[in-house]
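Every number here is computed from the coordinates shown, using simple stated rules; none is lab data. Keep in mind it's a predicted model, so treat the numbers as computed, not measured. Because the Cβ atoms are built from the backbone with ideal geometry, glycine has one as well, and the counts that use them run over all protein chains shown.
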Amino acid sequence: MIHTVAAFDRMGEENAFAVLARATALSQNGRDIINLGIGQPDFRTPEHIVEAAIKALRDGHHGYTPATGLLATREAVVRRTLTTTGVEVSPDNVMILPGGKPTMYAAISIFGEPGNDILYPDPGFPIYRSMIEFTGARPVPVPVREENGFAFSAAETLALITPQTRLLILNSPANPTGGITPRSEIEALVKGLEAHPGVAILSDEIYDTMTYDGEEHCSLLQFPQIRDRLIVLNGWSKTWAMTGWRMGWSIWPNGEKSANLYDKVRKLAVNCWSCVNAPSQYAGIAAIDGPQDDVEAMMRAFDNRRSLVVEGLNALPNVHCATPKGAFYAFPNVAKTGWKAKKLASTLLEEAGVALIGGPDFGVLGEGYLRLSYANSEENIIRALERMGAYLEKNA
Ligand code: PLP
């Protein structure tokens, strides 16, 4: 990958940040804006995690850590991975990075170059495509459809693989749809991938424990036959409400059989960010090993809001919303309102004071949808739905 000016010009953005900036500007001008745009929990990081960071600072942990992360933090990730997936990884496979996004950058820049194809979900997290474009590889969208519960279809995904395909990006539970891909589909996908040993897999599992109604999250780690070409992205941002701490982890193959992928990322870290700040890494250990009551309370709150949002959206004229199975997003279908989704999103912000994101910001198949993050209070969600209803009725 060569970082030319043209490569930077090809790089996209995450429109949620632009919507947040616009919503903040409107609020500062005295407008009452309800923000259902940004994908971050509206909860504070649990107190014992904050205390662990303060203690680390007081104890003098002010210096560099190893580029791959503190051994103690990587060992905490090993424990957490065992609990959530039943799979025992080695700390030598775990990399601590400043958030989830750097893993995307690392994986996509290792595999992406002109002449290669990278498969990614559409609709999906916008940074996948942006990074693929940056490397000059060809972005190949894998459709994720409402009629399929916003899950990946193994058959459809496998049919898109060509001799040029180097990387397949998966995300479940998914942003922006809240879809979860069932184990049966992942099993079929893994089986099919055995015929394509040259295709690496980046599985974004950052919402792994954010599921509802007992829905199972199936981790790709549970398939040993692909372990030497599998990268699993995860992190603290969503689960422990730590988006601003910039703490992520990923699990990489290590050793010659996997072309020393882990070591390549270690080198990238040395060149780009040296390490994640030490106090955050101590906080990360406390998050994993400490009490999970606050996280459970947060998930109960999200679950209640999910019912409220889905019910409220389905009561709006010409709007239909499937019940999301994970994460904290609703992805209502607004095709029958007669509005173009992006126009509707920007109009609702400017005229009704509700910030949300147009589906096309997540891919071509996002046309006809909006994304609402229910990381806001029940009271605000109810007010937002009332405003949307009143606006849609007046402007049908
Ligand atoms: N992956 C997905 C699917 C996300 O939705 C997000 C954030 O919204 C990330 C990764 C990035 O997480 P982080 O803030 O830790 O970089």
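Worth a mention:
- For the condition buried (at least 22 other Cβ atoms within 10 Å of the Cβ) and over 29 Å from ALA53 (Cβ atoms), ALA174 qualifies.
- Qualifying residues in segment 76-112 (those that are charged (D, E, K, R) and out of contact with any strand residue (DSSP E or B) (no Cβ under 8 Å at 6 or more places or on another chain)) - the one nearest to GLY368 (Cα to Cα): ARG80
- Filtered residues of segment 94-105 (kept if surrounded by fewer than 24 Cβ atoms within 10 Å (Cβ to Cβ) and more than 13 Å from the chain's Cα centre (by Cα)): PRO98, TYR105
Quick grid of which residues meet (1) within 18 Å of ILE33 (Cβ to Cβ); (2) within 20 Å of the chain's Cα centre (by Cα):
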{"position": "LEU344", "(1), (2)": "yes, no"}
{"position": "LEU348", "(1), (2)": "yes, no"}
{"position": "GLU351", "(1), (2)": "yes, no"}
{"position": "ILE357", "(1), (2)": "yes, yes"}
{"position": "ASP361", "(1), (2)": "no, yes"}
{"position": "ASN376", "(1), (2)": "yes, yes"}
{"position": "GLU379", "(1), (2)": "yes, no"}
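- Restricting the first member to segment 1-23 and to residues that are under 12 Å from ILE357 (Cα atoms), and the second to residues that are among the hydroxyl-bearing types (Ser, Thr, Tyr) and within 14 Å of the ligand (Cβ to nearest atom), the beta-carbon pairs closer than 8 Å and six or more apart or on different chains are GLU14/SER130.
- Breaking point among (1) under 29 Å from THR181 (Cα atoms); (2) crowded, with 24+ Cβ neighbours inside 10 Å; (3) small (Gly, Ala, Ser), for ALA384: (1)
- Residue in segment 170-189 that is farther than 25 Å from LYS342 by Cα, more than 21 Å from the chain's Cα centre (by Cα) and of a type in the set (D, E, K, R) present: yes
- Looking only at residues in segment 151-163 that are β-branched (Val, Ile, Thr) and either more than 25 Å from THR135 (Cβ to Cβ) or part of a loop (DSSP other than H, G, I, E, B) (or both), the one that is nearest to the ligand (Cβ to nearest atom) is ILE161.
- Pairs linking a residue in segment 158-187 that is on the phi > 0 side of the Ramachandran plot to a residue that is crowded, with 24+ Cβ neighbours inside 10 Å and among the aliphatic types (A, V, I, L, M), with Cβ atoms under 8 Å and 6 or more positions apart or on different chains, are GLY178/ALA327; GLY178/ALA330.
- If you go through segment 177-209 and keep only what is surrounded by fewer than 22 Cβ atoms within 10 Å (Cβ to Cβ) and either closer than 18 Å to ASP303 by Cα or out of contact with any helix residue (DSSP H, G or I) (no Cβ under 9 Å at 6 or more places or on another chain) (or both), you end up with PRO182, THR209.
- Checking every residue in segment 11-23 against the condition of being more than 24 Å from ILE206 (Cβ to Cβ) and buried (at least 18 other Cβ atoms within 10 Å of the Cβ) gives zero matches.
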